[in-house]
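In what follows, a single structure is set out as structure tokens and then discussed.
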Amino acid sequence: MTQAVPTVKLLINGEFVESRTSEWREVINPATQEVLARVPMATEDEVEAAIAAGRAAFKTWRKTPIGARARIFLKYQQLIREHMKELAALLTAEQGKTLADAEGDIFRGLEVVEHAASIGNLQLGEYAENVAGGVDTYTVQQPLGVCAGITPFNFPAMIPLWMFPMAIATGNTFVLKPSEQDPMVTMRLVELALQAGIPAGVLNVVHGGEAVVNALCDHPHIKAVSFVGSSRVGTHVYQRASLAGKRVQCMMGAKNHAIVMPDANKEQALNQLAGAAFGAAGQRCMALSVAVLVGEARSWIPELVAKARSLTVGAGKDNPDLGPLISCAARERVASLIAKGVEQGATLELDGREVTVPGFENGNFVGPTIFSGVKTGMAVYEQEIFGPVLCLMEADSLEAAIDIINDNPNGNGTAIFTQSGAAARRFQEDIDVGQVGINVPIPVPVPLFSFTGSRGSKLGDLGPYGKQVILFYTQTKTVTSRWFDDEASSGKVHTTISLR
Ligand code: NAD
């Protein structure tokens with residue numbers, strides 16, 4: 001029966017081609033278990049061909065004028081806008097998130113495409129005249145060559161769009177390895193990128209898992225690797241690709257805490273907390289999965305539970321508040337962590353395990369789940385659950401709450417809810433997390449800035465998109481030049497290092 005479903009193609013040198021592999025995986029609608037497509041685990045030769053295409057295209061692409069590159073991204077952003085509904089429907093079918101959230105996923109990627117169109121403003125060098133008599137020094141930011149991107153399942157539009165537009169706009173060519181769990185919307189975005197004018201070989205796509213990722217990490221012609229996904233795989237990718245001499249950035253797992261101060265606007269704080277904990281069924285690397293309730297805010301638990309209970313769970317296409325988890329395995333993992341939370345003594349204030357969705361009995365649904373009395377050392381606290389589960393902890397003071405967060409190894413995002421400027425300022429200054437929200441629950445920076453996860457959530461110095469990524473995708477070349485006037489050409493040989 002699976003023979004009848006469409007196959008996801010590879011993109012090699014401008015052609016969408018069928019893989020010759022014997023190894024395929026199914027792309028499954030998480031609300032229905034319907035098989036939507038089959039995705040190949042590309043062969044060694046296919047990975048090699050994609051890299052070779054990128055290498056050949058780099059010769060001309062690196063010299064393509066800045067304006068010509070920019071105009072492709074201007075066209076691309078328009079095409080994404082025009083296809084927004086179609087892209088969102090595809091994304092929801094294979095990933096599960098609600099249609100509204102799917103549009104959000106695409107839109108956050110679209111912002112990066114818009115930014116890529118003006119990258120010339122940021123890819124500028126420096127110039128200093130007369131660093132010695134008649135000697136000038138200047139820098140140029142040159143593209144690296146073929147770069148690779150490896151993306152996770154949870155943002156199949158936004159995260160590929162963090163990567164290839166920036167790499168390509170700065171003059172590199174690219175090999176993308178999308179998540180094998182939901183590659184279809186990514187491929188549709190890739191088709192639109194070619195339609196916008198990206199030349200053959202500049203963007204290539206291979207599908208696969210561990211073997212393909214390892215091949216990209218090891219290959220001598222891949223110059224940089226951008227990875228987004230779990231901490232386990234990201235750490236492996238960072239070590240393996242670094243060992244092969246590449247520039248690497250890995251944006252990884254998280255455990256994002258919010259502090260709720262007793263002076264917060266209660267209604268706003270609880271609404272934002274519930275939205276950020278349970279939206280996208282908790283499958284966001286910036287989801288708020290722990291709330292530290294300070295002082296009197298501890299008495300707000302019943303109201304928070306009531307808000308969580310009121311959220312609707314269903315198939316993403318029907319636009320409920322939460323869709324299903326990505327796979328049966330993910331559902332089982334989350335359910336077993338909830339069981340472990342109970343076993344280890346946390347109080348289950350709301351249990352989402354028994355949720356049923358009429359008409360979608362086979363979907364991977366878990367409803368909003370809340371634990372109170374969570375302590376460090378419990379599995380629900382120590383592990384990234386990546387489901388709609390919120391852990392509540394308690395602290396007597398802002399300082400004690402900050403200590404809890406700074407003691408956690410992750411550093412992706414954090415937020416404080418308060419009406420006090422002094423408390424917010426203290427939090428901003430003392431918290432050791434790379435992305436901070438003040439009454440903003442999911443502080444993902446727009447591309448004028450960079451995504452700046454930190455500590456255990458990040459390996460590598462430079463973030464994806466924004467100003468930092470220009471440095472990631474370029475090599476600074478420093479040129480020191482002297483032009484002799486003919487009459488100054490005489491003189492003696494200098495054997496010292498100083499410029500004269
Ligand atoms: P994952 O690590 O399982 O997969 C990510 C990519 O790695 C996929 O393309 C996958 O095919 C590949 N991969 C899987 N196993 C591999 C292996 N053994 N060797 C080499 N490659 C392998 O992550 P996921 O489940 O798709 O995504 C969820 C995770 O991503 C969560 O931990 C989440 O926090 C994280 N994430 C982080 C950010 C961020 O910006 N920090 C953003 C989104 C998601």
Legend entry - Positive dipole terminus of the chain, leading residue within SER397, TRP61, PRO447 (C-beta point charges): TRP61
Inset, instruction - Using DSSP, restrict attention to beta bridges with both residues in the chain and report what percent are antiparallel, rounded to the nearest 5. - result: 40 percent
Legend entry - Rg and Dmax [Cα atoms of the stretch 112-152; Å; Rg one decimal, Dmax integer]: 16.2, 54
Legend entry - Under Karplus coefficients 6.51, -1.76 and 1.60, residue-wise ³J(HN,Hα) of the stretch 194-207 in Hz, glycine/proline x: 5, 4, 6, x, 5, x, 3, x, 6, 10, 10, 9, 10, 10
Legend entry - C-alpha center-to-center spacing [the stretch 137-206, the stretch 77-106] in angstrom: 18 Å
Inset, instruction - May I ask you to sort TRP483, TRP61 by Cβ crowding, counting other Cβ atoms within 10 Å and putting the fewest first? - result: TRP483, TRP61
Inset, instruction - With only Lys, Arg, Asp and Glu charged, each at its Cβ (+1 for the first two, -1 for the last two), find how big the charge dipole of the chain is about the Cα centre; round to the nearest 20 debye. - result: 1140 debye
Legend entry - Contour minus Cα-Cα distance for GLN239 and VAL35 (0.36 nm per residue): 69.9 nm
Legend entry - All Cα pairs of the stretch 1-128, percent lying beyond 27 Å: 41 percent
Inset, instruction - Report the local net charge at VAL185: Lys and Arg +1, Asp and Glu -1, summed over other residues whose C-beta lies under 10 Å from its C-beta. - result: -3
Inset, instruction - Could you order peptides 420-433, 38-51 by the average number of other Cβ atoms within 10 Å of their residues, highest first? - result: 38-51, 420-433
Inset, instruction - Using Cα centres only, tell me the gap between the stretch 376-435 and the stretch 294-360 in whole Å. - result: 20 Å
Inset, instruction - Using the Kirkwood radius over Cα pairs, work out the Stokes-Einstein diffusion coefficient for the chain at 4 °C and 1.567 mPa s, in µm²/s as a whole number. - result: 54 µm²/s
Inset, instruction - For every other residue with a beta carbon closer than 14 angstrom to the beta carbon of VAL140, add +1 if it is Lys or Arg and -1 if Asp or Glu, then tell me the sum. - result: +1
Inset, instruction - Please turn the phi angles of the stretch 264-273 into ³J(HN,Hα) values with the Karplus equation 6.51 cos²θ - 1.76 cosθ + 1.60 (θ = phi - 60°), one per residue in order, whole Hz, x for glycine and proline. - result: 5, 5, 4, 4, 5, 4, 5, 4, 5, 4
Legend entry - Surrounding net charge for MET393, when Lys and Arg each add one and Asp and Glu each subtract one, Cβ distance under 11 Å: +1
Legend entry - Computed over the stretch 419-479, Kirkwood Rh from alpha-carbon pairs, angstrom: 13.5 Å
Inset, instruction - In Å³ and rounded to a whole number, note down the convex hull volume per residue for the Cα atoms of the stretch 158-274. - result: 159 Å³
Legend entry - Semi-axis lengths, Å, the stretch 360-500, gyration tensor of Cα atoms, sqrt of 5 times eigenvalues: 52, 20, 15
Inset, instruction - With a cut-off of at most 16 other beta carbons within 10 Å, and DSSP calling the residue loop, which trypsin sites (Lys or Arg not before Pro) in the stretch 328-364 qualify? Please list them. - result: ARG353
Legend entry - Within straight-line cross-link reach of LYS85, lysines at Cα separation under 23 Å, skipping those fewer than 8 residues along the same chain: LYS9, LYS75, LYS97, LYS317
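Read the figures in this text as sums done on the coordinates, not as results from a lab. Because the structure is predicted, anything quoted here is derived from the model rather than measured. Counting neighbours? That spans all protein chains shown, and the Cβs are built from the backbone with ideal geometry, glycine included.
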